[in-house]
Structures are given as C-alpha cells and as structure tokens.
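Scroll down for the structure; my scribbles are underneath it.
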Amino acid sequence: MRLTSWALLALPALLDGVAAVKQEDFKLCSQSSFCRRLRSIGQRQSAAPAHFTSPYSVGPPATTAGTIDHASWSWPVSSSLYPEISFELRVDILEKGDGIARIRMDEVNSQTPFRRYNETAKWALVDVNPPLASLADARLTSDAAKSTITYAKGLSIEIIHSPLKITQYRDGRPQVVFNERSLLHMEHFRQKQVEKVEEGASESEQMVLQAGEMDRSWFEEVDAEAFEERWKKWTDSKPKGPEALSIDLSFPGVEHVFGLPEHASPLSLPDTVGPNAHYTDPYRLFNVDIFEYLADSPMSLYGAIPLLHAHSAKSSVGVLNLVASDTWVDVLHDKQGTHTHWMSESGILDLLLLPGPKPQQLFEQFAILTGPTALPPQWSTAYHQCRWNYINEEDVLEVDRRFDETDIPLDVTWLDVEYSVDRRYFDWNPSHFPDVKRMLQKVADKGRKMVAIIDPHVKRSDSYRIYTDAKDLDILIKKPDGSNFEGWCWPGNSVWVDFFNPKSWDWWKKMFDFKVWTDSAPNLFIWNDMNEPSVFDGPEISVPRDTVHDGGWENRDVHNINGMLFHNATAQALIARETPAKRPFVLSRAYYTGSQRFGAIWTGDNMGDWEHFAGETAMLLSNNIAGMSFCGADVGGFFGDPSHEILVRWYQAGAFMPFFRAHAHIDTKRREPFLYDEPIRGYLRDAIRLRYQLLPVWYNAFHDASVSGAPIIKPQYAVFPEDPAGFAIDDQYYVGDSGILVKPVVVEGATKTDVYISDNQPYYDYFTHRLYPAKAKPHHLSLDTPLSTFPVLIQGGSIFPVRQRVRRSSPLMWQDPFTLIIALSKQGTASGQLYLDDGETFGHERGEFIWRSFDFSSTSKGGVLRSSDGASDQTEASDAVTPYGENNLWAKTIAHVKVERVVVLGLKNKPHGVSVAGQGVEWSWEDGAAAGGKKEGGSSKLVIKNPGLGVVESWEVRIE
Ligand code: NOJ
C-alpha cells in the first residue's frame, strides 16, 4: 500500500518513535565526536589562557625570492606534540580583489594511505587557482622569529614562527588574527592501534597538565568514538579515523560579525560561548532537511556558506573558510573584539582573507572568488504561485484564470511532487495531466511559465529510465563496500545520483532535451528540492557520512557541496536544451559557496507564525551578504493556515524579497490571493501589483548583483558602514542602490512601526509622498501601519524607474513606458539607473542591453535631469560591445519605449517652465515641503507629463 503524503512526511518522526520535536533528529555538538573533541580545546583554553600555547611552529620559508615567480610562499610546519608528523603552510596573495590573501595548510608525507579532502575550491571558486600577485606587488621578508609579507594598499601579513600566529594588518592595525588563542589543531592521520597507545599515556599526561605545561591531552582527549561513531541506530565506520580541523580567528576591535548562513538567527551573530552566550551550541554548517525548524537557533538548515564579515565603524574584513564537511563555529565577543572557533570534521585548511576595507569591497572580493549572482530571467523576479499541490490540468488552468479575473498579476505556477507518477520525476501522471504540452501552451499564451519539481532521489524501479540509466552508467552514490547506496524518500526505496561524477553531467543534460523529455516545453523550468540530500531513514535525515562519491571521497568530506552540484547540473541542462540558449531558472533548497552562479534558493519549510515570519528578514539578509542574493521565503508560511492579517503582512514582505513565491504544505487550506474577500484580496493584490510596478528596480538590483556581487537587499551596516547604531539592525533594508528602504511589519496587530534612519537626508513615503526632513543625527521615524500599508521610504538623492501599468504577466509589460521617480536630496540632487535587456537570452553578454544613468542637478532656477549612457562608466561592461552600436539589437527593439512621466519630489520652488530640447512640455505642481527644508508633511511634487523621452537616448530635461 502506498503511504499517504502526510505519512511520508512524518516518516522520520515515526521511525524514531518521537513526536514532531525535530531538534532531536539532529546532533548537538556534544553528540558529535569531533565537535566534542575540538570544542573542549576551546574550553581548556578559556579556563587557562595563560598556560595555553600553540604546539605549532613554522621553520624558515621554504620558498624565497629567486625560487618563485609569483606571490606564493610556503613554510614547513611542525607540532611539538607530534614531532614525527609534517605539515605545510602556504600563503598566496591574489592578483585581483585589492589584496585577497589565501592561507592553506595540509598534512604532508603522511605514512597512512589517506589524504585530506582538498577539492572544495574546485567547486566553490570560479578559478580553483586564482591568479597570483606579482612579486613587484607583494614582498616577503623573513628572520628567525617571523616572516612578513607586505602587499596592496597598506596591507601586511605577519607570521610569527613559534608558536605559530598569523596576523593581517592594515596600516599597522591588526584586522584578523589566526591562532591568537592557540586553538589550531589539525588531527593527523593515524592507525587505530596508535590511538590506543596514546590513550595509555593519558595518566602521565594528566600529571604534566597539572604542572601547567602543554601536552597532547590539551588537544586530543581520549575519544572512544574517534574511529567509529554511533548515532541512534546508525554506525559511522570512519575508515580514515579522526581527521578534524580546529582553527581560531580573532577580529580585534570588532563588535559585530555577520554571515555563516543559513541559520534562523539574528544577522549580527550572538555569542555561543562565554558569559553572554545566547545559544549553547555553536553555529552549525551541515546541510540538512530540517522539519519545523526553530525560529531562533544556531542549528543547521538547508544551506551552508562558511563566510564571515567582521565589521566595525573603522573597517570590515571577511574570511571565507573553504571547507565542505560538517562545521561548527563558536562566537565570543569580549573587550578585545570578537573571537571565533571553527571546528570541521575533515578537509584541509583553505582560508581566504578578504581585506575589505568596507562591506562593498567585501561583496566584490567574494564575487571575484566565487562568481557573482547569475542574471536570472526577468520573469523569475516577478510573482510565483506554488502549493503542494496543484492537482491536475484543470486546477492549474483555473488558478491561472482566477488570477486574471481578479486582476492580480502572475508569472509562474508551480507543480510539486504530485504531478509525477509515484514520484518518478519527469513522468507526468497521465490521468491528471493528460496533455502536458497543451497545458504549457495555454500558460505560455499569457506570457507565463511553469516550474515542476525534480528531486535528486531516484525511485529504485527497473521500469524507471532515470534509475536504469544511472545504474547502468554506474553514477550512483556508493556505500563503503562499493554497492549502490539505497535509502528512503518520497518515492519509497531510492538511490541518489552522484553529481561529483563527471559522467553524470552530460547524461543529466540529455534528460532535459526536448526530444528526450517530450512532455516538456521552453516555458517549463525546474525546482530541485531535497538535495542536502534528504534521506528519510538516514542519520540526521541525510546520507551516511561514510557513503562514497567520485574520486573515493566520503560524503563526510563533500557533504555541503553535494546539493550545489545537482543545482548546477540542472541549470546547465536547461541552458543546453535550446539554441540559442535561454537563461535557466532552477530553485534549489540546498546550497553552498558559489550556488549563486546557478539560480535561486529559498529558506525551506518555515512555520506560518509571527515568530518565524519575523525571523525571515535576517535570514534573507544573511544570505544576501554571502552572495546568495536570489533568495526568498515561502510567503504565507509552509506549515499552518495563516490568519488574514499575517497573510497580508507576508505578501507585503514578499513583494520585497528577491524571490517572491507563495507556497504551502499539502495539508493546508487553499490560500491563493483570489480566494479572499475584500478588503483582504485588495491588500494582497496591492502587494503583488507593487512588485510588478517596481520590477525595473528589482532588475537593476539583479544586474548590479550580476556585475559586482552587490547584495540585492542590503542591511543597514552595508549601506552605512560607519554608523554603529545600525549594525545590529536586521529588520529593515535597502533594495539594491535604488534608495528604497523597506521595513516589513512582522508584529501582530501593529498599527505603528518604527524605522531607523541613519543618514542626514530627507526620506519620502513611497505611497503618500509625505516628506520626513533630514536630521543631523540618526533617528527613528514612527509610521502609521494599518493593515493596508507598511513602511516603504525613498531616500533623498534617489532616482528609480517604475512601470505604472501592470499587466497579467511581466513579459507582457516589456514595451510599456516608464515613470521616473526622483526624490531630491537636501542639496537638491539625485541619481539612479535603468538597466534593460531582453530578459531571457544571453544577448546581454554580447552587449545587447541598455544601461542608462540618470542624474539630477540643481540650478539656481530649478534643476536639470540628464540621461546618459551608464555602461560607459562601467569598465567591465564597456569592454564588451559599444552598448548602442549596430549589433545591439535589443536597443533597436525598444527604441520606441518612452519615459512617459517624471515625478520630482522635494523641489523648493514651483517652476516657471519645463523644457526638453528647447520645447516646453506639460507639467503640474503641488505645493508642499521642500527637500532641503525642515518642514515635515506632504512633499512638493512636480509631475512632468509625456516629455517624449526615449529610454535608449541621451537627453536633458530643464526645470526653470
Ligand atoms: C520539502 C520542501 O521544502 C517543500 O517546499 C515541498 O513542498 C515538499 N518537500 C514536497 O515536495
């Protein structure tokens, strides 16, 4: 008998015989042998800091000037605890990124057959060996006590030889210190018997310890599970034995560290140890399928990006720790700054130090290493309607129709697992979807798309071609004994394709070929769920750590990368299915460093309650600063039936999430926006329509992200890096560089909401144009927020484009005219941009785009608005093709598209006239407060009508 969906979902809980307290399905640090071992090093250090010295030291540099031709030096490393073991330290200075330094360490000449996993960079970085700086730009000096590398812009790295300590300085000020607290410990490979001998030695070691000297027991306590570990009913065979890595990184003078997504925690990471610990466990990075996750917790979720920003008003630095195994991070703030302790189960040390010195450069440096966000198809930035499940063709078309009937725009309808026969993805259930192409065509007729789910588990059935193919090609994840790993997931007994195996890549592409997957069409895109991977009857709901991937690596080594490779393979398959290629859209649940190159992610199975809802903003911001900027949360909450109030607030928030999708669990009541009576339906419609009006702003932000790695939504510290009062704020944010400041209302019954203003500029209410004058000091505004509205403010000094006519789907709006909103700064100036391309092909990579810069300068009589070619300011883009040259087909295609209206907020005086190229144009004026004044109230408003300005052209509008 087939299990019902609900029963399948509840399976992990049923198997464990516990109710739905899912926390118990996942390990605490104290239940994980390597975390327990390494965390206790930190505990011993903090109990006796004065006695605690690192056993590691380095010899003189092995590479000196004359023997190398680029900035890469190595040092032999030894540990006084294990003199017979050799390690090597290597420091590189990279050519690009204002002085990014790379620090690597590995065990060398191991007497065992084992090696540490050293391929994380291959998957995470765009270039596994980024080009090195020349020796003219980076210099090493060395004496017996230390080595110093001096390089770009006042940066230097000092390596104290014994005990080993590495400090990166900027202008003589320490920014980041490696091994300041002596927690570095790389467990060398050893045979099981050797460990027994060591255990025997522990008594005498204890005596030495009491005498106050360092010995092995400070670093390696006896651990009966070091070679084999039991967790509930599973045994991890650990064929390589212990190979964990502990490192500490301190950030002197820093009060805030951000990053390490994905966690449901504040953006500014609270302590996990010490007197002010907010959590008892470290932040964990280990991709898992976590059911009903806690709203405030350091527990692992679906994705992992081991990136940290350490930020103070003086400067910012970043560290990217290229490790893909289970990793826990303790955070401690004290008077000296912030200290972090990273504990990983396996892998080499491969650390990238991003020098900043401000958040904006951190974003650029991270993008240089791992690639920027791929520019998505434009339609994917619009509204998506999902639920588990739209059950058949009629259901899909009815939903599609009702959106039109109620005048609510929609771009994408989604299909969850039930579209398939027995969860054999690709195979549509013929009794529910008798004519897939007909359905897709009807959807396409309105410019709309569909997304269907394809999960990584493969039903183990000899009548399923995906299974038989993958088995025949021998590309499945293996058990330690070499047989194919099998586990339980939605389809029942399943196997998993090993996307580390290059043989899987071309095969997977073929599966999406329109000739192979005939029930498919160019407007069908893909959702890759469950790719942590989720295994219902596996340890921590995933594959056992000793399962084996291509190259003989264990899942333990590559766990956090695994989901990203599936995401990438699907994205490449969508690119390959059409000529000329279209941009892919693939939503993934699991992710790792670099996943931004392949598509979007979402925050998984959130609860539909106020507490979870409130926490989403910080989660999305944390993903954004770590490059994973195309992200969203299930609007309405995955679990539960939302009240009208929370649903409206969720749509208002969703309209300002980079990825805007409503989704719901199969057991929830239907909740498509058209189902509600007024005024609720109107509020939902308003939120979705607002998204459509602002689509040009979103596309600008996606484009910026694709060029420079800038976050699509920016937290306060990224926009105002010198205002400490804003650093911990994670419930409001700016959209790209548009100047739009949003604060979702996430409190039940709230009729007033405070917004923090950091800068000395006026702000304007987006909806009412009320003006809040500039104030010399940072301050809060208290705004009325009845259910119909929420804080959307425009920072003085901004210009952004909107499209006021909203159509059924975003592609239908491609030739509609624009309105430019100009919100003047207190100096009477403003600037902004408009980026446009065809929204779906790769033509933009060949220069087929337009990129306008808008600039408003004040004159004694009024002001001048100019449109100029924005691309020529941008070296990267202008390297391509002259933007408006003969080859720019896109610019020609939209040559007729106009700016139909210009709204100027905050002008001081009513003008006498407005002209374009010497010709007067129509305008209207409303009195009100001016940008530079102190008066609060309605802003003055100049509306210029039909000025006849082509979006492609350069022009000037004069206000006199
Ligand atoms: C888990 C996903 O997180 C959820 O969004 C989806 O609806 C279910 N799997 C069923 O596919």
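The values are calculated or read from the model by the stated rules, or taken from the named source; none is laboratory data. Bear in mind that the values here come from a model prediction, so they are computed numbers and not experimental data. As a convention, Cβ positions derive from the backbone with ideal geometry for all residues, glycine included, and neighbour counts pool all protein chains shown. Protein only, heavy atoms only, side chains kept; ligands, DNA and RNA dropped before computing areas. Shrake-Rupley method; radii C 1.70, N 1.55, O 1.52, S 1.80 Å.
Mean sequence separation of contacting Cα pairs (under 8 Å, at least six apart), scaled by the length of the chain, corresponds to a relative contact order of 9 percent. Each 10 Å bin from zero holds the following percent of Cα-Cα pairs in the range 296-416: 10, 25, 23, 17, 17, 7, 0.
Applying 1/(1 + (r/R0)^6) with r as the Cβ-Cβ distance of Lys935 and Glu886 and R0 = 45 angstrom yields a FRET efficiency of 0.30. Per the Kirkwood formula applied to alpha carbons, the chain shows a radius of gyration over Rh ratio, Rg over Rh, of 0.97. When the inverse distances between all different Cα atoms of the range 577-702 are averaged and flipped, the Kirkwood radius reads 15.5 angstrom.
Computed across the range 284-364, the Kirkwood radius stands at 14.2 Å (inverse of mean 1/r, all Cα pairs).
The label-point distance for Thr148 and Ser46, in a model that sets each label 7 Å from Cα toward Cβ, rounds to 3.4 nm.
Counting only protein heavy atoms and a 1.4 Å probe, the range 495-653 has 21 square angstrom of accessible area per residue. Cα axis of helix 644-654 to longest principal axis of the chain: angle in degrees, 0 to 90, nearest 10? Helix 644-654 sits at roughly 80 degrees to that axis.
Each residue of the range 417-564 gets 113 Å³ once the volume of the Cα convex hull is shared out per residue. One compactness figure for the range 597-659 is 1.08, namely its Cα radius of gyration divided by 2.2 N^0.38 Å.
Relative protection proxy for 619-630, 94-105, 139-150, from highest mean packing down: 619-630, 94-105, 139-150 (other beta-carbon atoms within 10 angstrom). Remark on the range 341-493: hydrodynamic radius 19.8 angstrom, per the Kirkwood mean of 1/r across alpha carbon pairs. Summed over qualifying helices (DSSP H, 4 residues or more, each -39500 (n - 2.57)) and divided by its residue number, the chain shows a 222 nm mean residue ellipticity of -6000 deg cm²/dmol. Taking the protein heavy atoms of the chain in the context of the full set of protein chains, the accessible area attributed to carbon and sulfur is 51 percent at 1.4 Å. A DSSP coil position with no more than 15 other Cβ atoms inside 10 Å describes the following trypsin sites (Lys or Arg not before Pro) in the range 330-428: Lys335. The simple Förster model, with R0 at 41 Å and r as the Cβ-Cβ distance, assigns Ser461 and Asp723 a FRET efficiency of 0.10. Binning the alpha carbon pair distances of the range 760-898 at 10 angstrom intervals from zero yields the distribution 10, 30, 31, 21, 7, 0, expressed in whole percent.
Computed from label points 7 Å out along Cα-Cβ, the spacing between His896 and Lys479 is 6.7 nm. Each peptide in 674-681, 120-127, 587-594 receives the mean, over its residues, of other Cβ atoms within 10 Å, and ordering these scores from highest gives 587-594, 120-127, 674-681. When the Cα positions of Ser40, Val58, Pro130 are compared along the charge dipole of the range 39-168, Ser40 comes out farthest toward the positive end, with charges on each C-beta of Lys, Arg, Asp and Glu. In this rough spin-label picture, where each label sits 7 Å from Cα along the Cβ direction, the Thr518-Gln191 distance is 6.1 nm.
Listed cross-link partners Lys314/Lys775; Lys446/Lys582; Lys437/Lys582; Lys96/Lys122; Lys743/Lys935 are compared with a 21 Å cut-off, the Cα-Cα value being larger for Lys314/Lys775; Lys743/Lys935. Listed by chain and number, the aspartates and glutamates placed with their C-alpha closer than 16 angstrom to that of Lys503 are Asp469, Asp472, Asp474, Asp550; residues fewer than eight positions away on the same chain are left out. Of the residues Glu960, Glu405, Glu262, ranked by 1.4 Å probe accessible area with the largest first, the sequence reads Glu405, Glu960, Glu262. Against the chain, whose longest principal axis is taken from its Cα atoms, helix 33-47 shows a tilt of about 90°. Here the scattering of the range 772-817 is modelled by Debye summation over its C-alpha atoms, one equal scatterer each and no solvent; at q = 0.13, 0.15, 0.17, 0.30 Å⁻¹ the log10 of I(q)/I(0) is -0.57, -0.69, -0.79, -1.12. The alpha carbons of the range 22-96 occupy a box of 57, 34, 24 Å along the principal axes, longest dimension given first.
Each Lys and Arg adds +1 at its Cβ and each Asp and Glu adds -1 at its Cβ; summed about the Cα centre, the range 725-837 shows a dipole of about 340 debye. So if we plug the beta-carbon distance of Asp472 and Glu611 into 1/(1 + (r/R0)^6) with R0 = 56 Å, what FRET efficiency do we get, rounded to 0.05? With a Förster radius of 56 Å, E is 0.70. When Arg216, Arg115, Arg37 are compared by accessible surface with a 1.4 Å probe, the order from highest to lowest is Arg115, Arg216, Arg37.
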